[in-house]
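Here's the structure, in structure tokens; my notes come after.
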Amino acid sequence: MITQPAGGMVRGKIGPGLILKDTDMKFFIDTADIGEIEDLAATGLVDGVTTNPSLVAKTGRDFKDTIRQICRIVDGPVSAEVAATDADGMIEEGRLLAAIADNVAVKVPLTWDGLKACRSLSQAGTMVNVTLCFSATQALLAAKAGATFISPFIGRLDDIGLDGMELIQEIRIIYDNYEDLGTEILAASIRSPNHVKLSAMAGADVATVPPSVLKGLVKHPLTDKGLDAFLSDWAKTGQSIL
Ligand code: G3P
């Protein structure tokens, strides 16, 4: 059970009864599939995109061309992950990826080399998404390295019998204790609408959601049933609104 530390900052609490709410929860699409991104971007509800080497490999397309095209479809941050594992290599690749478009966020893994690359790239003004985060201490290091986003992987922790949502809660508490940590919590490895709901309740800034899960957020059988009933009863009136 996660409890607020005694005397610690409660998120956004600026005084008795005064709660400062965040702007909103951002929805990123977790895919490199151009068609899926185009379809969902048309809803106006897409704030960004995250890709990773596995998602890119699934497309069978050129990586940099794919990122370039995604950056034209979506104005928000588009995560493109480096392949190097040494800091110098990550920095060199990160600079090339960042040059593709202004809204590229360079993704680096949560390793010491990734943190060094994050520090260098973020100090140069590049957005950095530190990925493969599985502990709150990792998330604290990423924030200190200047990460724009931290990507805790909820589903993969659940897969091994741990509580992925508890990690989101822990990071939220830690980040809210220190006002200089400007890193946004980007809930990742989301497998269900319930993950989205619980991430929002825990105060994640962003949820990166597979297209199938995002489409599922709107579905409820009682909504469908109720709409059918309304339309059936409306038809009986014989009226037209236009
Ligand atoms: O953005 C990270 C995400 O793509 C990982 O999801 O389902 O492979 O754990 P998953």
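Listed values, structure above:
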quantity: The one condition in (1) within 16 Å of the ligand (Cβ to nearest atom); (2) within 30 Å of LYS215 (Cβ to Cβ) that GLN138 fails to fulfil; calculated: (2)
quantity: Members of the stretch 174-187 found to be touching a helix residue (DSSP H, G or I) at 6+ places or on another chain (Cβ under 7 Å) and not in a helix (DSSP H, G or I), listed by number; calculated: LEU181, THR183, ILE185, ALA187
quantity: Which numbered condition SER135 fails, given (1) touching a Gly at 6+ places or on another chain (Cβ under 6 Å); (2) surrounded by fewer than 20 Cβ atoms within 10 Å (Cβ to Cβ); (3) among the polar types (S, T, N, Q); calculated: (1)
quantity: Filter pass, ASP158 being surrounded by 15 or more Cβ atoms within 10 Å (Cβ to Cβ), modelled with pLDDT of 95 or more and not basic (Lys, Arg); calculated: yes
quantity: Test for ASP205: is it more than 12 Å from the chain's Cα centre (by Cα), acidic (Asp, Glu) and on the phi < 0 side of the Ramachandran plot; calculated: no
quantity: Yes/no for ILE171 being of a type outside the set (Ser, Thr, Tyr), part of a loop (DSSP other than H, G, I, E, B) and open to solvent by less than 10 Å² (accessible area, probe 1.4 Å); calculated: no
quantity: Residues located in the stretch 44-56, provided they are in contact with a helix residue (DSSP H, G or I) (Cβ under 9 Å, 6 or more places away or on another chain) and either open to solvent by 30 Å² or more (accessible area, probe 1.4 Å) or not in a helix (DSSP H, G or I) (or both); calculated: LEU45, VAL46, VAL49, THR51, PRO53
quantity: Subset of the stretch 141-155 (residues that are away from the ligand (no atom under 12 Å from the Cβ), under 17 Å from the mean Cα position of the chain (by Cα) and part of a helix (DSSP H, G or I)); calculated: ALA142, ALA143
quantity: Failed condition for ILE67, given (1) part of a helix (DSSP H, G or I); (2) open to solvent by 20 Å² or more (accessible area, probe 1.4 Å); (3) under 25 Å from GLY35 (Cα atoms); calculated: (2)
quantity: Selection from the stretch 121-132 of residues that are open to solvent by 60 Å² or more (accessible area, probe 1.4 Å) and over 15 Å from GLY182 (Cα atoms); calculated: ALA124, LEU132
quantity: In the stretch 213-242, residue farthest from SER189 (Cα to Cα) [restricted to those that are β-branched (Val, Ile, Thr) and open to solvent by less than 100 Å² (accessible area, probe 1.4 Å)]; calculated: THR237
quantity: Residue in the stretch 186-199 that is in contact (Cβ under 8 Å) with a residue 40 or more places away in the chain and more than 15 Å from the ligand (Cβ to nearest atom) present; calculated: no
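The values are calculated or read from the model by the stated rules, or taken from the named source; none is laboratory data. No experiment lies behind these values; they were computed from the predicted model shown. When we count neighbours, we look across all protein chains shown, and the Cβ atoms used for this are built from the backbone with ideal geometry, even at glycine. Note: areas computed on protein heavy atoms with side chains; ligands, DNA, RNA excluded. Shrake-Rupley method; radii C 1.70, N 1.55, O 1.52, S 1.80 Å.
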